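**Student:** Sending over a structure as structure tokens; questions will come in a sec.
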2 protein chains.
Amino acid sequence: YDSRKAGGITRSHLRFGKSPIRSTYYVNNADFVSCSLDTYLFKLDMIRNLKKGGTFLLNTDMDDETLIKAMPNRVKFQLATKNAKFYVIDANKIASEIGMGRHTNTILQASFFYLNQGIMPYEQAQELMKKYAEKSYAKKGEAVVKMNWDAIDAGTQGLREVEIDPEWIKLKPLVETHKTGDEYFDSYVTVIANMDGDDLPVSKFKEFGLEDGTMRNNVTFYEKRSIADKVPLWHKENCIQCNQCSFVCPHATIRPFLLNDEEIANAPQIVKDGVIKATGGPNVEGLKFRIQVSTQNCVGCGLCVVECMGNKMGKNTLEMVEAKSQFDQEVGADYLYKNVAYKGDKFPTTTVKGVGFLMPYMEVSGACAGCGETPYYRLVSQLFGRDMLVANATGCTSIYCGSTPLTPFVADKNGEGIAWANSLFEDNAEFGFGMRISTNQKLAHIVEILEKAKERELEPELVETIDQYLENIKNRDKVRPIITKLVDLIKKTKDEEIKEILAHKRDLLDKSVWIIGGDGWSYDIGYGGLDHVIANEEDVNILVLDTEVYSNTGGQSSKSSQTGSIAKFTARGKTQAKKNLALMAMTYGHVYVAQIALGANPAKAILALKEAEAYDGPSLIICYSPCVNHGISGGLSNSMKVEKAAVECGYFVPFRYDPRLVAEGKPGLTLDSKEPDFGKFRDFVMQETRFSMLPIVNPAEADKLLTMSAEHAKARYERIKKFGL
Amino acid sequence: YDSRKAGGITRSHLRFGKSPIRSTYYVNNADFVSCSLDTYLFKLDMIRNLKKGGTFLLNTDMDDETLIKAMPNRVKFQLATKNAKFYVIDANKIASEIGMGRHTNTILQASFFYLNQGIMPYEQAQELMKKYAEKSYAKKGEAVVKMNWDAIDAGTQGLREVEIDPEWIKLKPLVETHKTGDEYFDSYVTVIANMDGDDLPVSKFKEFGLEDGTMRNNVTFYEKRSIADKVPLWHKENCIQCNQCSFVCPHATIRPFLLNDEEIANAPQIVKDGVIKATGGPNVEGLKFRIQVSTQNCVGCGLCVVECMGNKMGKNTLEMVEAKSQFDQEVGADYLYKNVAYKGDKFPTTTVKGVGFLMPYMEVSGACAGCGETPYYRLVSQLFGRDMLVANATGCTSIYCGSTPLTPFVADKNGEGIAWANSLFEDNAEFGFGMRISTNQKLAHIVEILEKAKERELEPELVETIDQYLENIKNRDKVRPIITKLVDLIKKTKDEEIKEILAHKRDLLDKSVWIIGGDGWSYDIGYGGLDHVIANEEDVNILVLDTEVYSNTGGQSSKSSQTGSIAKFTARGKTQAKKNLALMAMTYGHVYVAQIALGANPAKAILALKEAEAYDGPSLIICYSPCVNHGISGGLSNSMKVEKAAVECGYFVPFRYDPRLVAEGKPGLTLDSKEPDFGKFRDFVMQETRFSMLPIVNPAEADKLLTMSAEHAKARYERIKKFGL
Ligand SMILES: Cc1ncc(C[n+]2csc(CCOP(=O)(O)OP(=O)(O)O)c2C)c(N)n1
Ligand SMILES: Cc1ncc(C[n+]2csc(CCOP(=O)(O)OP(=O)(O)O)c2C)c(N)n1
Ligand code: SF4
Ligand code: SF4
Ligand code: SF4
Ligand code: SF4
Ligand code: SF4
Ligand code: SF4
């Protein structure tokens, strides 16, 4: 398998026999090969290992004619030479008709047993599958059992054999992979992506200097995995240019652009045809506006459509449509995302609209469709990505940010962007602290060189520029142009010694150091380190993506999980209270602490991130992050709605605690929501299976636990207020 | 070396040569042997490895006649047969005359070079030593340099050669070791204590079943190391029977006793002669009172004398006198400590007086003389030792509680006492939690057996007793007599099945689970685990012996160290604030949290420990513990005074935070001191070299740091109050 959460490929090898099989090697001569997604057929060499006379099953919505037309010669050739049998089924359609949504596995399992009666007669298999379904789903009610039985029956009824033309034997069996012309991508990334990583020689790693685990950035966008069934279509006439769609997109695959005439002139037709006049005042006078979806990278989560302001105002502005109908939009994304200037200076970047025009330094990560963590990560990348050093925990973040060879990070035209590292053992608070210390050390060395230089005879302009630099050294926005000038003057100066600075050019600008991870890391495993870092007074920013559960490892309970929630290790509902990590950090007095929820108050979330980053000391920002593990009713396209509701009922309270205010004699705490209505708490949690299952699995204690849960939430809130106000 | 902090023996092996020497084996044929303490001569075979014609130097206050009379035959025989030279010096007297207190090393170093001119001519050695002293102490001023120069000169002037009688060759060279008759002690403990552990065969460890690191208790008291120069002498006529002396003793080597006529009749004469009528009401009618010092185990710290209430009232009640003059008192300790009933039921054990009559389940630990940690440990052992399980961190606690073969723990006549474990890696919060869980599991199993039994036909009295047991299962005081009855009835019952209980007899009583360590463990290294344990709601008691520094490893700074303090890693004064561990634990809401200082308010300290232990949930008690690393002016005999002063000036604030009060709608916090006078803060810290050195090593920032330190202390206090009241 690959570790991506959305559209990751899993390849299973199964052997059957009368006695136990202990082989650990792959099946290279299979009786049967099954493929659950037809797009794989084009990318992967699916039937290479099918034996002569074997059977191939494909899940597809194509009819015979379309399919035969679309099939690569490689597939046809192999089917013919192998004298194979070829079956298809439209399991997606069946699943959705039965009411199983996107769950096709029961259907395909039935097909499997039907086509492989060498294992056992189908009647027997059918009986066993139905019994098993009954056992598994009885708890969820008769209707669910019935649905699974239907799926089993459909798995045979929906099968269709496709005739193989013996003439195909004459076709050229070429593997037609799309070449980008980038050697790294074509000979390394693509090979791994095509599940052929085993074939890579060690020399490949040496060739690109990857022996130390390095990954190149600017990669994932070019994969264009086209894994969405549906993607958004923009109806420009109804758009109010609010940029909310791009603000919520976990994958940065929908973006607003401001285009000048030249950029329009150079654009592909599809872009030229799809622009409207930019609104928002004199700043954008003469510019055109466009929302561009990267349709081949979008994972189809639907969040942008759910949150679209135009839609909310009752006008059909963004609409989910059949993905395949929109793949031709991708040329627009290629052009706009990669060749057009991001015009981040037209609107204040404290607003959702302003942020929309900032380049995301993180795009197309491997996170789940609709993941609640990634919008925060993407947002931080837009605000600070240009100068960021990230020490990343292990968890979903490390998977979607760094599963070799894929990193979602991109550099801009100046080669600037996020430098990122992860170590397996949740010690990133520690090494992030090291990143800060070493950055300080480098700056101190530069300061030393400059101070010494000033004691010599230098050009007056250079002296002045050095002074300006030293004065603004910790203010990146101010110092950036000064650095350009300083470097220029140092290149020209007659003083030879000061030219040592040129060897440290990239260190002249202070870095924005971030320590990022989930609640399993921050509340539990890595908390000792986190605490040690905030106890010190160094300028680091800690971002906690709080899913209230160990998401990556399949949903274990953490100290962040709330009372009454069901997770692994707390199968009968957690009895303890959620740890008040924010308040614990606040006790230090010198730590900037915030809790944010993008879906509840995006402007305050942006503000918190900016305040935290600007604060010259440790900052901790806890981000409420809905996750696929929560079992949110209606799925993750509702994640922003959930954040809003969580805040309204006091389940999660957004606030900012700023030591700078305390130093001014003001209360440190600013609450960023209305007084919560704890009366709505129970209804809120019942929208998620992690809570709604409780009355079923633990009827005796469910009510008590859920009442306690609300009480604990309230106590958490009251304590924060008492301490901070 | 052995790892004891008080009176630990260090044996150094030195080789000299023109070229570098890389031998790692011991010197077995020494030109020169030096012994810094004359009592070693009696216990250890000091000159076994002296070569023929070699030189032996002894530091002693004895004159020739006394010395020769006292010297064991073994020593005399060897001196004569080896044809050795024998020198003595009274370095202690010289050091104290020069003003160097107990520091004899410079003096003895000079003697060494004088007697070993084979290494270099003495003039040269003298010059080098003086230069080195100048370099080392210049910072501390001319007077200190001068003092060291004097010490160097005295090292030769004070030497005296003792004539060796050739007749000694005829003496029997027997090693006269005192035998206790206890095989474990005589053939194992003593051998290690005599620095002959290397000679122990592996079979010895097997013989006593020690392969798993087990140590037997009831050991240290019998070592009688006699390492004190001075010990307390009790003037009974001036004693007010307050028991303060025993309350503050770190080594439990001074204890009050209440004796009935029979106990007096059986006592050694020295006890008979030294009793007074017990005062305190009808409870002690007819009993006699005595303070008994174990003079051969006392380490001579002087704390008891400094804190004696009689002394404080101006009457000479306890007095430090020459130790050797009091060694005959030891028979009294042998009798009273080990053979007389501890009469803990005569006074309320919430008072210092009452606690005094409780048996300490910990005695004669290897801690420093006057250690601030051990009085808390000893006190806890008196209150709960009978039923304690201890999970101990690594640090001074693990050294003075568990350096093989010595543990200070003792069992009472019923074989009850402290079960103790330590693992090196500061994970005792974790395994202490495991002790709790397994105790719960055992109790649950017992409950199950009893509940099931009740469904059968049982004798009515047994049923009633089972009910009483189940009702009081978590109340050790109440359930103890019930258990006796229960076991009795189960033995007699006709029901065979219930007799399974008899196999779990020792588990019928709930255990008092303690997790104990220093601040390096609790604030830093082990904090992640500690936090995890308090986040759960299990009934464990966490005792933090807060020396504000990693004491055992030589004084590294911890997150508990206060701003401005000098320690390893913060050599120019710590800039960060002390972590508010108590408040961080309080944020959970369900944790009982207290800070205590024995020297400031002993009654409240006892109360806190009792409340914590009784609380059915996690408790955290932070104990302010002066330490030799603090450089307390006047030494550790002032440690209780320091605790008092620390509280008065707000350096440390004693309080109790009880979730039970919050549940009743009351404020959880009770402050156990008057409003601190932060104006006294600076004067207080200046009494300790860890702070007073700051203006010398960091004059530029000292004032700022010390001002900040007081502000941080105040903020800590205010935050506790704000949260808790
Ligand atoms: C020291 C250590 N223990 C356990 C693990 C295994 N592990 C990898 S990811 C993970 C879950 C992390 O959960 P969380 O921090 O909440 O991040 P999320 O996946 O929810 O984003 C765990 C336990 C590890 N990497 N390191
Ligand atoms: C994980 C781990 N790191 C380091 C050590 C080394 N070590 C042993 S004792 C000690 C000092 C402990 O100090 P503290 O907890 O304050 O106890 P104290 O000695 O002051 O009583 C350290 C660092 C260790 N035992 N385990
Ligand atoms: S559907 Fe989801 S991934 Fe696709 S553009 Fe919209 S928000 Fe982004
Ligand atoms: S959210 Fe909707 S209205 Fe707003 S910019 Fe996007 S498409 Fe337009
Ligand atoms: S945090 Fe949850 S939703 Fe996001 S990638 Fe991980 S498992 Fe998926
Ligand atoms: S001098 Fe110290 S060790 Fe000795 S009895 Fe007194 S307090 Fe205890
Ligand atoms: S402290 Fe002094 S007065 Fe009090 S019991 Fe001890 S010896 Fe007596
Ligand atoms: S805590 Fe300090 S005084 Fe006590 S034994 Fe350790 S080093 Fe000595």
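**Student:** For the range A:404-415, in order, what is each residue's ³J(HN,Hα) by Karplus, 6.51 cos²θ - 1.76 cosθ + 1.60 with θ = phi - 60°, in whole Hz (x at glycine and Pro)?
**Tutor:** My calculation for the range A:404-415 gives 3, x, 9, 10, x, 7, 10, 9, 8, 4, 8, x Hz in order.
**Student:** Roughly what % of DSSP beta bridges within the protein assembly as shown run antiparallel, to the nearest 5? Each step should come with its number before you reach the end.
**Tutor:** On the way: 52 of 124 bridges.
That works out to approximately 40 percent antiparallel.
**Student:** Then there is this: Calculate how steeply helix B:476-492 sits against the longest principal axis of the alpha-carbon atoms of chain B, using the helix alpha-carbon long axis, and give the answer as 0 to 90 degrees to the nearest 10.
**Tutor:** Once rounded, the angle reads 70 degrees.
**Student:** Same structure again: Which trypsin sites (Lys or Arg not before Pro) from the range B:237-334 combine a DSSP loop assignment with at most 15 other Cβ atoms within 10 Å? Kindly include the intermediate steps, with their values, before the conclusion.
**Tutor:** Working: sites: B:Lys272, B:Lys277, B:Lys288, B:Arg290, B:Lys312, B:Lys315, B:Lys324; in loops: B:Lys315.
The qualifying sites are B:Lys315.
**Student:** Another question about this same structure. Find, among the trypsin sites (Lys or Arg not before Pro) in the range A:503-583, those assigned to loop by DSSP (not H, G, I, E, B) with at most 16 other beta-carbon atoms within 10 angstrom. Don't jump to the answer; show the numbers that get you there.
**Tutor:** On the way: sites: A:Lys505, A:Arg506, A:Lys511, A:Lys559, A:Lys568, A:Arg572, A:Lys574, A:Lys578, A:Lys579; in loops: A:Lys511, A:Lys559, A:Arg572, A:Lys574, A:Lys578, A:Lys579.
For trypsin sites (Lys or Arg not before Pro) across the range A:503-583 that sit outside H, G, I, E and B with at most 16 neighbouring Cβ atoms in 10 Å, the list reads A:Arg572.
**Student:** Using a label point 7 Å beyond Cα on the Cα-Cβ vector, give me the inter-copy distances for A:Ser23 in nanometres, one decimal, shortest first.
**Tutor:** 6.7
**Student:** Still on this structure, I have one more. Could you pull out every residue, at least 5 positions away or on a different chain, whose amide H is within less than 5 Å of the one on B:Lys578? Hs are placed 1.01 Å off N in the peptide plane, and Pro or chain starts have none.
**Tutor:** For B:Lys578, whose amide H was placed from the backbone, the distant partners under 5 Å are B:Thr563.
**Student:** Measuring label to label, 7 Å along Cα→Cβ, what does B:Asp683 give against each other copy in nm, shortest first?
**Tutor:** Nearest to farthest, the other copies are at 6.4 nm.
**Student:** Let me ask you something else. Separation of the range B:643-711 and the range B:229-252 by C-alpha centroid, Å?
**Tutor:** Centre-to-centre (Cα) distance: 30 Å.
**Student:** Through the Karplus equation 6.51 cos²θ - 1.76 cosθ + 1.60, θ set to phi - 60°, convert the phi angles of the range B:218-224 into ³J(HN,Hα) values in whole Hz; use x for Gly and Pro.
**Tutor:** In residue order, the calculated couplings are 6, 10, 4, 4, 7, 5, 6 Hz.
**Student:** With +1 assigned to the C-beta of every Lys and Arg and -1 to the C-beta of every Asp and Glu, and no other charges, what is the dipole magnitude of the protein assembly as shown about the Cα centre in debye, to the nearest 20?
**Tutor:** Working: 178 positive and 188 negative charges, 47 e Å.
Dipole of the protein assembly as shown, to the nearest 20 debye: 220 debye.
**Student:** Distances from B:Thr39 to the same residue in each other copy, label points 7 Å out along Cα→Cβ, in nm, shortest first?
**Tutor:** Output for B:Thr39: 8.3 nm, nearest copy listed first.
**Student:** Given the DSSP H assignment, sum -39500 (n - 2.57) over each helix run of at least 4 residues in the protein assembly as shown and divide by its residue total; what's the result at 222 nm in deg cm²/dmol, nearest 500? Before the final figure, lay out the partial values.
**Tutor:** Numbers: 60 runs with 550 residues, N = 1450.
So the helix-based figure for the protein assembly as shown works out to -11000 deg cm²/dmol.
**Student:** Just to confirm my numbers, what's the Cα centroid distance between the range A:321-342 and the range A:95-119 in Å?
**Tutor:** Computed from Cα coordinates, the inter-centre distance equals 35 Å.
**Student:** Something else about it: Assuming R0 = 30 Å, can you tell me the calculated FRET efficiency for the pair A:Asp261 and A:Lys499, based on Cβ-Cβ distance, to the nearest 0.05?
**Tutor:** 0.10
**Student:** Between the DSSP loop rule and a limit of at most 14 other Cβ atoms within 10 Å, which trypsin sites (Lys or Arg not before Pro) in the range A:1-93 are left? Mind dumping the intermediate values first?
**Tutor:** Values: sites: A:Arg4, A:Lys5, A:Arg11, A:Arg15, A:Lys18, A:Arg22, A:Lys43, A:Arg48, A:Lys51, A:Lys52, A:Lys69, A:Arg74, A:Lys76, A:Lys82, A:Lys85, A:Lys93; in loops: A:Arg4, A:Lys5, A:Arg11, A:Arg15, A:Lys18, A:Arg22, A:Arg48, A:Lys82.
Sites meeting the loop and neighbour criteria: A:Arg11, A:Arg15, A:Lys18, A:Arg22, A:Arg48.
**Student:** Hey, what angle do you get for helix B:460-471 against the long axis of chain B, alpha-carbon based, 0 to 90 degrees rounded to 10?
**Tutor:** 60 degrees
**Student:** From the phi of every residue in the range A:711-723, what ³J(HN,Hα) in whole Hz does the Karplus formula 6.51 cos²θ - 1.76 cosθ + 1.60 yield, where θ is phi - 60° and glycine or proline is x?
**Tutor:** Ordered by residue, 3J(HN,Hα) equals 5, 4, 4, 5, 4, 4, 5, 4, 5, 4, 5, 4, 5 Hz.
**Student:** Further question on the same structure: On average, how many beta carbons from a partner chain sit within 10 Å of the beta carbon of a residue in B:570-580?
**Tutor:** Details: counts 0, 0, 0, 0, 0, 2, 5, 5, 1, 6, 4.
Averaged over the peptide's residues, the number is 2.
**Student:** Suppose a student asked you for the relative contact order of chain B, using Cα pairs under 8 Å spaced at least 6 residues apart; what percent would you report?
**Tutor:** Numbers: 1323 pairs, mean separation 67.3, N = 725.
Once divided by the residue count of chain B, the mean separation gives 9 percent.
**Student:** Among A:Val463, A:Val284, B:Val231, A:Val352, which comes first, second and so on when ranked by fewest other beta-carbon atoms within 10 Å?
**Tutor:** Details: A:Val463 15, A:Val284 18, B:Val231 30, A:Val352 22.
Ordered from fewest to most neighbouring Cβ atoms within 10 Å, A:Val463, A:Val284, B:Val231, A:Val352 come out as A:Val463, A:Val284, A:Val352, B:Val231.
**Student:** Could you tell me what fraction of 2.2 N^0.38 Å the Cα radius of gyration of chain A comes to, as a two-decimal ratio? Could you put the intermediate results ahead of the total?
**Tutor:** Values: Rg = 28.2 Å, N = 725, 2.2 N^0.38 = 26.9 Å.
That ratio works out to 1.05.
**Student:** What's the whole-number percent of alpha carbon pairs in the range A:1-87 lying beyond 17 angstrom? Could the numbers behind the result be given before it?
**Tutor:** Details: 1990 of 3741 pairs.
So the portion of pairs separated by more than 17 Å is 53 percent.
**Student:** Extending each Cα 7 Å along its Cβ direction at B:Thr156 and A:Leu725, get the distance between those two points in nm, one decimal.
**Tutor:** In this crude spin-label approximation the distance works out to 7.9 nm.
**Student:** Enumerate the amide H contacts of A:Ala252 below 5 Å, restricted to partners 5 or more residues apart or on another chain; note that Pro and chain-start residues carry no placed amide H.
**Tutor:** The answer is A:Val364.
**Student:** P(r) for the range A:548-724, please, calculated from all Cα pair distances in 10 Å bins and given in %.
**Tutor:** 10, 37, 35, 15, 3, 0
**Student:** What is the minimum Cβ-to-axis distance for chain A, in whole Å, where the axis maps A onto B, and to which residue does it belong?
**Tutor:** Output: A:Gly528, 2.
**Student:** Determine the sum of side-chain charges near B:Glu611: Lys and Arg each +1, Asp and Glu each -1, restricted to other residues whose C-beta is under 11 angstrom from that of B:Glu611. Could you put the intermediate results ahead of the total?
**Tutor:** Values: positive: B:Lys604, B:Lys610, B:Arg656, B:Arg660; negative: B:Glu613, B:Asp658.
Overall, the nearby charge balance is +2.
**Student:** On a 0 to 90 degree scale, rounded to 10, what angle separates helix A:122-137 from the longest Cα axis of chain A?
**Tutor:** That helix lies at roughly 40 degrees to the long axis.
**Student:** Now, a different point. In which sequence would A:Lys714, A:Lys139 go, from the one with the fewest C-beta neighbours within 10 Å to the one with the most? Can you show the working numbers first?
**Tutor:** Numbers: A:Lys714 15, A:Lys139 11.
By the 10 Å Cβ count, ascending, the order reads A:Lys139, A:Lys714.
**Student:** Then there is this: Could you pull out every residue, at least 5 positions away or on a different chain, whose amide H is within less than 5 Å of the one on A:Lys568? Hs are placed 1.01 Å off N in the peptide plane, and Pro or chain starts have none.
**Tutor:** A:Gln556, A:Ser557
**Student:** Moving to a separate point now. From the alpha carbon gyration tensor of the range B:74-174, can you work out the equivalent ellipsoid semi-axes (sqrt of 5 times each eigenvalue) and give them in Å, largest to smallest?
**Tutor:** On the way: eigenvalues 221, 46, 16 Å².
So the equivalent ellipsoid measures 33, 15, 9 Å along its semi-axes.
**Student:** Further, regarding this structure: Let's test the formula: R0 of 45 Å, r as the Cβ-Cβ distance of A:Lys277 and A:Ile21. What FRET efficiency results, to the nearest 0.05? Don't jump to the answer; show the numbers that get you there.
**Tutor:** On the way: r = 67 Å, r/R0 = 1.49.
The formula returns an efficiency of 0.10 here.
**Student:** How charged is the neighbourhood of B:Ala265? Take every other residue with its Cβ under 12 Å from the Cβ of B:Ala265, and add Lys/Arg as +1 and Asp/Glu as -1.
**Tutor:** Values: positive: B:Lys272, B:Lys288; negative: B:Asp261, B:Glu262, B:Glu263.
Net of charged neighbours comes to -1.
**Student:** Over the range B:215-358, calculate the relative contact order: mean separation of alpha carbon pairs under 8 Å at least 6 apart, over the residue count, as a percent. Walk me through the numbers on the way to the answer.
**Tutor:** Numbers: 258 pairs, mean separation 51.9, N = 144.
That works out to 36 percent.
**Student:** Translational diffusion coefficient of the range A:430-507 at 25 °C, 0.890 mPa s, Stokes-Einstein with Kirkwood Rh over Cα pairs, in µm²/s as a whole number. The partial results should precede the final answer.
**Tutor:** Details: Rh = 13.0 Å.
After rounding, the answer is 189 µm²/s.
**Student:** Could you give P(r) for the range B:301-413, binned at 10 Å from zero, as whole percent values over all Cα-Cα pairs?
**Tutor:** The percentages, shortest bin first, are 12, 35, 41, 12, 0.
**Student:** Right, next: Based only on Cα atoms, what Rg/Rh ratio does the protein assembly as shown have, Rh being taken as Kirkwood's radius? The partial results should precede the final answer.
**Tutor:** Values: Rg = 39.5 Å, Rh = 38.1 Å.
Ratio value, two decimals: 1.04.
**Student:** Using Cβ counts within 10 Å as a stand-in for footprinting exposure, how do A:Tyr550, A:Tyr342 rank, fewest first?
**Tutor:** Working: A:Tyr550 25, A:Tyr342 18.
Ordered by Cβ neighbours within 10 Å, fewest first: A:Tyr342, A:Tyr550.
**Student:** Would you work out which of B:Thr295, B:Pro256, B:Val331 lies farthest towards the positive end of the dipole of the range B:215-358, given +1 charges on the beta-carbon of Lys and Arg and -1 on that of Asp and Glu, about the Cα centre?
**Tutor:** Value: B:Pro256.
**Student:** What's the whole-number percent of alpha carbon pairs in the range B:215-358 lying beyond 25 angstrom?
**Tutor:** Numbers: 2219 of 10296 pairs.
Counting pairs separated by more than 25 Å, the tail of P(r) holds 22 percent.
Values in this text are rule-based calculations from the coordinates and carry no lab data. Keep in mind that this is a model prediction, so the values were computed, not measured. Glycine also receives a Cβ, built like all others from the backbone with ideal geometry; neighbour counts cover every protein chain displayed.
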